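Everything on this sheet refers to the single structure shown next.
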Amino acid sequence: MKKLNFKLMFAGIMMFAGIMATTLILSDQAMAGAKLEVDETKWISLGIGVRSSFTTVEDAAGNGTSRSKDFNLDNARIYINGQIHKYIKFEFNTECFFCDNAALRNFDVLDAVGKFEISPMFNIWAGRLLVPSDRAEMSGPFYANTYEFNKTPFYPSDFSTTFGTNGAGVYGRDDGVNLWGSSAQGKLQYVFGVFNGLESSSTSGANQSDNLLFGVRIAYNFLTPEKNPGYYTSSTYYGNGGDIFTLAFAGQHQEDGAGTILNPGDFSGMSVDMLFEKVLGNKGVATIEAEYKVFDSDYNTAAFTDGGTCFCMFDGDAWTATALYLFPQKTGVGQFQPYVRYTDVSPDSSSDRDEFEVGVNYIISGHNARIAAFYQSGDIETKGLNYAPGVTGADVDTFQIAFQLQF
């Protein structure tokens with residue numbers, strides 16, 4: 001393992017300092033979306049979200065021996081929310097999908113949700129929306145506790161790169177309907193949904209019977225109930241949500257939801273996730289998030305080489321854990337939050353992969369304004385989402401500096 005080049009580290013530190021200085025200058029500006037109210041039951045709001053980073057990866061330059069050095073636009077979103085009746089709301093969000101991948105780049109609809117909110121115990125959301133799954137997906141990149149997304153294997157709607165034929169959704173979204181609610185005290189929260197899942201044409205794809213995908217998530221809050229819009233979650237509240245200890249189960253199933261037309265397989269995925277957050281006596285905040293996943297995709301490994309369009313989902317188990325500490329005192333306009341994370345991915349028919357990450361967040365305005373600098377080491381990125389037998393990939397180190405802003 002090569003050490004980080006000193007000049008590169010110095011340049012990264014200077015860039016980090018520059019971003020912090022710019023943020024200090026702009027910190028007096030309000031961080032809240034614009035809202036137009038017609039009356040008590042009719043309103044519309046507008047917001048934006050941006051995430052951008054600088055990444056350098058060992059041996060990833062074109063010559064195969066130098067470090068790559070890339071500026072990235074990771075997310076660019078427009079948020080539109082509104083209410084047209086006491087019981088009826090809507091949500092419409094856009095995203096620059098795969099913004100730094102020329103072959104996949106597409107600015108399109110992220111969410112288009114009709115919300116029929118009848119009571120805290122029973123509500124219906126329909127349209128293009130988040131499929132029930134693990135906390136990482138329900139939090140998304142903007143409400144996670146680290147900048148980099150969860151490195152455990154994706155559920156179908158996040159593994160896919162398109163809606164419709166030979167796709168199963170994008171960025172955790174799919175077309176379908178969710179029923180959700182919570183107990184009167186808010187301790188027990190549930191969401192159950194039915195979605196298209198993997199869709200196939202008559203000549204390609206595993207799902208020739210056009211089976212639907214079913215998803216469920218059930219969470220129990222042992223301490224303070226988490227408060228989020230609908231069935232969404234956050235992976236930290238920076239101490240503003242009180243003491244939290246939540247356990248949750250998520251599962252998805254689709255017949256013929258993986259593989260190829262010649263070698264199809266039923267997909268079943270399950271995960272258990274935990275969030276613990278404690279406000280300490282010194283007003284510091286300790287946060288621990290953990291998750292375990294097990295997927296059974298049930299297709300023959302011949303699917304990797306049979307010439308068909310393969311939706312070759314992960315098959316095996318994986319786990320990840322993150323520990324963070326938010327210092328109580330402010331440094332400038334924000335608070336430092338160092339953290340460590342470890343992820344282990346063990347496919348049944350491919351090579352194992354893991355990654356260690358250590359970094360520090362600079363929290364200015366919760367999830368609305370924050371900066372991150374972090375180091376990763378492992379082979380998850382080099383082996384990627386390829387779960388075929390015999391996959392190889394070197395352990396490499398990565399350094400990133402990133403910022404996130406929402407209005």
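The values are calculated or read from the model by the stated rules, or taken from the named source; none is laboratory data. Note that the coordinates shown come from a computational prediction; the quantities given were computed from them, not determined experimentally. With ideal geometry, Cβ positions are generated from the backbone for all residues, glycine too; neighbour counts draw on all protein chains shown. What goes into the accessible areas is simple: the full protein's heavy atoms, side chains included, and nothing from ligands, DNA or RNA. Shrake-Rupley method; radii C 1.70, N 1.55, O 1.52, S 1.80 Å.
Structure values in brief
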item: Residue-wise HN-Hα coupling along the stretch 289-304, computed from phi with Karplus coefficients 6.51, -1.76, 1.60 (Hz; x: Gly, Pro); result: 10, 9, 7, 10, 10, 9, 10, 10, 9, 6, 9, 6, 5, 5, 4, 5
item: Net charge over other residues, Cβ less than 11 angstrom from the Cβ of S53 (K, R count +1; D, E count -1); result: -3
item: Residue-level accessible surface for W43, protein heavy atoms, 1.4 Å, Å²; result: 60
item: Zone residues, the stretch 245-279, relative to I218, backbone N less than 17 Å from point 7 Å out along Cα-to-Cβ; result: 246-253, 269-274
item: Long-range amide H partners of S66 with built H, under 5 Å; result: A61
item: Cβ-derived FRET efficiency at R0 51 Å, K330 paired with L104, nearest 0.05; result: 0.80
item: Local net charge near A373, Cβ-Cβ under 12 Å (Lys/Arg +1, Asp/Glu -1); result: -1
item: Whole-number D in µm² s⁻¹ for the stretch 162-258, Kirkwood Cα-pair radius fed into Stokes-Einstein, 20 °C, 1.002 mPa s; result: 141
item: Residue-averaged 222 nm ellipticity for the chain, from DSSP H runs of 4+ at -39500 (n - 2.57), nearest 500; result: -2500 deg cm²/dmol
item: Dimensions (Å) - the chain, Cα atoms, principal axes, largest first; result: 61, 60, 38
item: Estimated inter-spin distance, S68 and F116, nm [label 7 Å along Cα→Cβ]; result: 4.6
item: Accessible area in the full protein assembly, largest first, 1.4 Å probe, for F98, F116; result: F116, F98
item: Relative contact order computed over the chain (Cα-Cα under 8 Å; 6+ residues apart), in percent; result: 13
item: Separation between Cα centres of the stretch 33-51 and the stretch 193-258, rounded to whole Å; result: 26
item: Table column - 3J(HN,Hα) (Hz), the stretch 176-192, Karplus curve with 6.51, -1.76, 1.60, x for Gly and Pro; result: x, 9, 10, 10, 8, x, 8, 5, 4, 8, x, 6, 9, 10, 9, 8, 10
item: Relative contact order of the stretch 332-407, defined on C-alpha pairs under 8 angstrom at six or more residues apart (%); result: 29
item: Spin-label zone in the stretch 345-365 - amide nitrogen under 19 Å from a point set 7 Å from the Cα of M274 along the C-beta vector; result: 345
item: Karplus (6.51, -1.76, 1.60) ³J(HN,Hα), θ = phi - 60°, over the stretch 320-334, in Hz, Gly and Pro reported as x; result: 8, 8, 10, 10, 9, 9, 9, 5, x, 7, 8, 10, x, 9, x
item: Carbon and sulfur %, accessible surface of the stretch 268-353 computed with the full protein complex present, 1.4 Å; result: 58
item: Amide H contacts under 5 Å for I261, placed H, 5+ residues apart; result: G205, A206, T309
item: Kirkwood Rh and Cα Rg combined as Rg/Rh, the stretch 95-204; result: 1.00
item: Accessible area (Å², per residue) of the chain, counting only protein heavy atoms and a probe of 1.4 Å; result: 44
item: Value of D in µm² per second that Stokes-Einstein yields for the stretch 219-355, Kirkwood Rh from Cα pairs, at 4 °C (1.567 mPa s); result: 74
item: Net charge contributed by nearby residues that have their C-beta within less than 10 Å of R217 (K/R +1, D/E -1); result: -2
item: Where labels lie 7 Å past Cα in the beta-carbon direction, separation of T203 and I44 in nm; result: 4.3
item: Over the stretch 219-289, relative contact order from alpha-carbon pairs under 8 Å, at least 6 apart, %; result: 30
item: Cα radius of gyration and Dmax for the stretch 294-355 (Å); result: 19.6, 59
item: Rotationally averaged projected area of the stretch 296-407 (alpha carbon convex hull; nm²); result: 9.2
item: Share of carbon and sulfur in the accessible heavy-atom surface of the stretch 78-210 [1.4 Å probe, %]; result: 61
item: Potential lengthening between I78 and Q185 on full extension [0.36 nm per residue; Cα-Cα distance subtracted]; result: 35.2 nm
